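What follows is calculated from the coordinates using simple rules that are stated; it is not laboratory data. Bear in mind the structure is a predicted one, so any value in this text is a computation, not a measurement. Note that each Cβ is placed from the backbone with ideal geometry, even for glycine, and that neighbours are counted across all protein chains shown.
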There are 2 protein chains.
Amino acid sequence: MTDLSRRLAVARGDAPADTVVRGGRVFCVFTREWLDADVAIADGVIAGIGAYDGAEVIDATGRFVVPGFIDAHMHLESVKLLVDEFARLVLPLGTTAVVADPHEIANVLGSDGVHWLLDASEDLQLEVYFMAPSCVPASQFESPRRALTPGDLEALMRRSRVLGLAEMMNFPGVVNGLPSELEKLQLEGAEHVDGHAPGLLGKGLQAYAASGIRSDHEALTAEEGRERLRAGMWLLIREASMARNLQALLPLVLEYGPDRIAFCTDDRDPDDIAENGHINGMVREAVAHGVTPEDALLLASFHPAQWHGLDHLGAVAAGYQADLLLLPDLVGFVPDLVLKRGRPIADVPSVPVPEWVRQTVRIKPVAAADFAIPSDGARIRTIGLIEDQVVTTCLEREPVVVGGQAVADAAADLAKIAVVERHLATGRIGHGFVSGSGLRSGALVSSVAHDAHNLVVVGMTDEDMAFAVQHLAANGGGIAVVERGRVIAECPLPVAGLLSDAPLADVVAQSAATNAAAHDLGWTGASPFLTMAFLALSVIPSLKITDRGLVDVDRFEIVPLALAATNEKQ
Amino acid sequence: MTDLSRRLAVARGDAPADTVVRGGRVFCVFTREWLDADVAIADGVIAGIGAYDGAEVIDATGRFVVPGFIDAHMHLESVKLLVDEFARLVLPLGTTAVVADPHEIANVLGSDGVHWLLDASEDLQLEVYFMAPSCVPASQFESPRRALTPGDLEALMRRSRVLGLAEMMNFPGVVNGLPSELEKLQLEGAEHVDGHAPGLLGKGLQAYAASGIRSDHEALTAEEGRERLRAGMWLLIREASMARNLQALLPLVLEYGPDRIAFCTDDRDPDDIAENGHINGMVREAVAHGVTPEDALLLASFHPAQWHGLDHLGAVAAGYQADLLLLPDLVGFVPDLVLKRGRPIADVPSVPVPEWVRQTVRIKPVAAADFAIPSDGARIRTIGLIEDQVVTTCLEREPVVVGGQAVADAAADLAKIAVVERHLATGRIGHGFVSGSGLRSGALVSSVAHDAHNLVVVGMTDEDMAFAVQHLAANGGGIAVVERGRVIAECPLPVAGLLSDAPLADVVAQSAATNAAAHDLGWTGASPFLTMAFLALSVIPSLKITDRGLVDVDRFEIVPLALAATNEKQ
């Protein structure tokens, strides 16, 4: 008897279910009703909703039975955990599927890295879907190990669990009809494509939508969200550790209803998840802000499945995969029980980590002198940090010049920043300044620097910057805080320089220690290393930095540090 | 410059549009708002919504700009027109796309007939999509020319414009897990499948949904509709010429909103369309019954596109095909102007009709004696007609016996019915009686007899029945009314015995004449030939008739005419 014919026998009541979830209030995503009914499960699939018997009965009396949560857009690498450890973290929180864009590992390890992540996530209870990274490099100003070609993308999109083309971050390229970007959009498999268009409005947004891109998770304001919905784009409401857009966008749910809106986490710190939950935390927040529990549940389950065409997920109904949560209430959204394919979540086996994905940091050795910036006193372009945002401002500042060199100066709110190419040991370094960090001494370094993941270092002395970079390179990547030639906290990330191979608790402790150490050195924002990670991302406004120099994202070009054209070092 | 790069240039405002629809109120299907904006069109696709210039400007001041209507489920053959003539009929009414199930022609001409319809509809302005006929024959009790095999279906589903598997009419087979039916559901391409489950509720409906079938257009009552929505099935609200379910189901739109509900016409007479409109008539009716114009428009455009995954249709937004209607008001829903792929509808070229699709009726010659029914006076199973419904009741009646034969008798409300096999000239005839027709004399005959399209004849004398069948066979099919050996009205349908090759006006006139003639002979229902067409369909309850005899659809078996087991003729 095939699974299907057995499922039908269970549905008819002619055969007992494997498991019956009995007596709960079952959420119907289609009518937004609560049905008092049993859920019959056969071979991991829901056979019927009604009155059923089964070999095993789970008592759901007084509980709410809802579909498992689905993260509509996220980057596994941001969580810094191997995918098995990520599964151990989020499954108990009710996240039963995620749609990941693996562009971080793609920048470091090419399409091989993506194929490895696909293989590594194959047998987890957590269902991990992928989108093929559309922009490696994110722009011509970034230096990954190698670019992904259209051929790489085609091969990826032919694998099962790869749903389409990931966030098309080169939105200026798309809007302006750059042939290289249009070619990607017209690949077989790229009919389904996620967007990424921060700040884009008006005719630019119309052009972006006209290209066939029908989602965006970069809306920061209700006005941006409204225009995206009107243009036919799905609004993926993002609540990342750095970019928290939920509260700003919830009014749109109240105004228009939840259609074509879904939740996503984008980039989440492991400690943030451990503390605040995952998608379930977004549901809780939404309800706390006046969204009905029914609408909030849709945003967290059925709608992400709808957007991505995951027709077997997102509903508690006959024929859907039996990914169910039993919730004790509609306030906290912490499940009592999580069923994945009809089975309680179990020990997640460890994913093997081959040697070739480790120790990926290759630099030309650096010394303090490599971070010196000669200056004739001309005003300098300075990256202005905005707390808890991935966007920056472009400031014009007087440099502090000592001995013919522009230096970091806490009193002047100027820290040095550099990006060191780390894939091919070219020795290429981009130099700049940031304002708004609060840093007073030492240096912070990270091999997590979107999207090319070269080494980003922010520091108050050239010596500490050089020491930090050398230390990180020697250890295969990670994040570290140094002061006066000493490592005061660190979180090693030996897998591609992006992921830890340690358990969650260790990573959370290390991550907290590095944050605390950064705060001890004066950093004021909540998430120093997440902030730094986005300073190298050359597709988010306004002023960013890569190993090739400062990038004016609004003009989409490399710009010199000095505003006067004399003596600047690029 | 490719179409896409030109479209983006138009969207940006860097190049003039081909056409701009200016100054109208543009319906946004995503937010259900009316936007005061221009619509810019480039190469048949909407480039942007905003303020635009173009080579041609269409003034839409004071008018409503809405997406073209889409029929979610229909049978081209029911309209009796060649597809080009059908396009001429419905395009001006605002129907710009239809999803057709060509199972009628498939019963007569096999998959060759379907491939021909696909080819014949390729270059029309009307966009004709198909579903591969899942049930040819509709059941084992019917005799098409040949059965469609899984291989036939696979080949069909690989053609562009074939979206999936058409209505799975053998719902008892699916529910009971019949391997032949499950095999079809598991074919590549059959992930998208339409349902057909009249009267199915409870665990049977759960089993049907558990098989992956996620639509139904057979709900007659709000309760049936509600259960389908709750089970995760799209509710396709049907307003066919015979089965008018709109009013009964509209309360669900008011209760739940329009999500996962769409309009379809299923089987429409040409005169019905000419008189009452097509999908636009359903929109008008819905609004007249209290549905908001915005919700009604969704049911008629965006939602059919959503159900069928037609991602380029159903919305007036950048990147969507420019299928637009300009409506003078939100009451009548008769468009002032229809744009298809950005162009006003034009003369539709004639589709060539090859000789092999004509003259398909092959019978073994019949005489009056072939319609005689010996009787010992035992009570007989009688088909009870229900006006304007495709379902029938199963009555038990006393026969009127004359000279040892059960005969038709107007006073007793009994007419004779027979189905004559007409594909392979086997001479096989099924016999029965109907009650509720009102017929007093003569005979009505038709080669349109779902789904096998053998010849169905209802008459008051054996002589007229034989004459009617012989006449129709000699003329290659059609519908006709005869009395005392004379044809008093007819509508020839030489193409597969299903379609006319005449213009609409002729077909409407012929059809009206046959209806009038049938009414002159006493028939009381509004649509005698549509009623007759469904009397042979062995998958709609309760008592039907095929060339193999009476079919008890509820028990799903052939049953004898006589209730006593003696002397019945089968």
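Numerical summary
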read-out: Estimated FRET transfer efficiency when R0 is 60 angstrom, pair A:Glu223-B:Glu557 (beta carbons, to 0.05); value: 0.40
read-out: Chain B: angle of helix B:504-520 to the longest principal axis, Cα-based, in degrees nearest 10; value: 30
read-out: Hull volume in cubic angstrom per residue (convex hull over the Cα atoms of the stretch A:433-538); value: 88
read-out: Two-decimal Rg to Rh for the stretch B:342-470 - Kirkwood Rh, Cα set; value: 1.12
read-out: Those residues of the stretch A:164-195 whose amide nitrogen sits under 18 Å from the label point placed on A:Glu154, 7 Å along Cα→Cβ; value: A:164-166, A:179-192
read-out: Exam field: A:Val334 pseudo-label spacings to other copies (7 Å along Cα-Cβ), nanometres; value: 6.5
read-out: Karplus (6.51, -1.76, 1.60) ³J(HN,Hα), θ = phi - 60°, over the stretch A:344-351, in Hz, Gly and Pro reported as x; value: x, 5, 10, 4, 8, x, 6, 8
read-out: 3J(HN,Hα) from dihedral phi, the stretch B:264-281, Karplus parametrisation 6.51/-1.76/1.60, rounded to Hz, x for glycine, proline; value: 8, 10, 6, 10, 10, 5, x, 5, 4, 4, 4, 7, 10, x, 10, 4, 4, x
read-out: Taking all pairs of distinct alpha-carbon atoms in chain B, Kirkwood radius in angstrom; value: 24.3
read-out: For A:Leu165, distant residues with modelled amide H under 5 Å away; value: A:Ala132, A:His192, A:Val193, A:Asp194
read-out: Residue order, fewest to most surrounding Cβ atoms within 10 angstrom, among B:Lys364, A:Lys544; value: B:Lys364, A:Lys544
read-out: Surface/4 estimate of mean projected area, convex hull on alpha-carbon atoms of the stretch A:24-76, nm²; value: 5.3
read-out: Position B:Ala288, label points 7 Å along Cα→Cβ, spacing to each other copy in nm (shortest first, one decimal); value: 5.3
read-out: Spread of Cα-to-Cα distances over 5 Å intervals beginning at zero, given as percent, for the stretch B:320-361; value: 6, 18, 15, 13, 13, 8, 9, 11, 6, 2
read-out: B:Arg379/B:Arg244 FRET efficiency (R0 25 Å; Cβ-Cβ; nearest 0.05); value: 0.15
read-out: Compactness of the stretch B:465-526, expressed as Rg and Dmax over alpha-carbon positions, Å; value: 11.5, 30
read-out: Per-copy distances of the B:Pro503 label point, shortest first, in nm (7 angstrom along Cα→Cβ); value: 8.4
read-out: Cα-based equivalent ellipsoid, the stretch A:84-229: semi-axes from gyration tensor eigenvalues, Å; value: 26, 20, 13
read-out: Value in Å of the Kirkwood radius, where the protein assembly as shown supplies the Cα pairs that are averaged; value: 32.3
read-out: Estimated 222 nm signal from helices in chain B, with DSSP H stretches of n ≥ 4 weighted -39500 (n - 2.57), rounded to 500; value: -8000 deg cm²/dmol
read-out: Amide H contacts of A:Arg63 (H built 1.01 Å from N, under 5 Å, at least 5 apart or other chain); value: A:Arg25
read-out: FRET efficiency, B:Asp329 to A:Leu254 (Cβ-Cβ, R0 35 Å, nearest 0.05); value: 0.65
read-out: Considering only chain A, percent of DSSP beta bridges that pair antiparallel, nearest 5; value: 70
read-out: Protection proxy ranking of A:295-306, B:43-54 - average other beta-carbon atoms within 10 Å, highest first; value: A:295-306, B:43-54
read-out: Helix axis angle, B:246-256 relative to chain B longest principal axis, alpha carbon, degrees; value: 50
read-out: Per-bin percent of Cα-Cα distances, the stretch B:55-95 [5 Å]; value: 5, 16, 21, 21, 11, 10, 9, 5, 0
read-out: Karplus-derived HN-Hα couplings along the stretch A:434-450 (A = 6.51, B = -1.76, C = 1.60, θ = phi - 60°), whole Hz, x at Gly and Pro; value: 10, 10, x, 7, x, 4, 10, 7, x, 8, 10, 9, 7, 8, 9, 8, 3
read-out: Reduced Cα scattering model of the stretch B:54-159, Debye log10 I(q)/I(0), q = 0.11, 0.20, 0.23 Å⁻¹; value: -0.42, -1.02, -1.24
read-out: Backbone N within the stretch B:181-201 under 12 Å of label point (7 Å from A:Ser5 Cα along the Cβ vector); value: B:181-183
read-out: Neighbour-count ranking [beta-carbon atoms within 10 angstrom, fewest first] of B:Arg440, A:Arg238; value: B:Arg440, A:Arg238
read-out: For the stretch B:146-225, the spread of Cα positions along each principal axis, largest first, Å; value: 38, 26, 24
read-out: Net charge contributed by nearby residues that have their C-beta within less than 14 Å of B:His289 (K/R +1, D/E -1); value: -2
read-out: Between the stretch A:167-227 and the stretch B:446-483, the alpha-carbon center distance in angstrom; value: 60
read-out: Longest to shortest principal axis, alpha-carbon extents of the stretch B:305-393, angstrom; value: 72, 38, 28
read-out: Residues whose placed amide H lies under 5 Å from that of B:Ala526, excluding near-sequence neighbours; value: B:Asp388
read-out: Gap separating the Cα centres of the stretch A:97-155 and the stretch A:297-347, nearest whole Å; value: 26
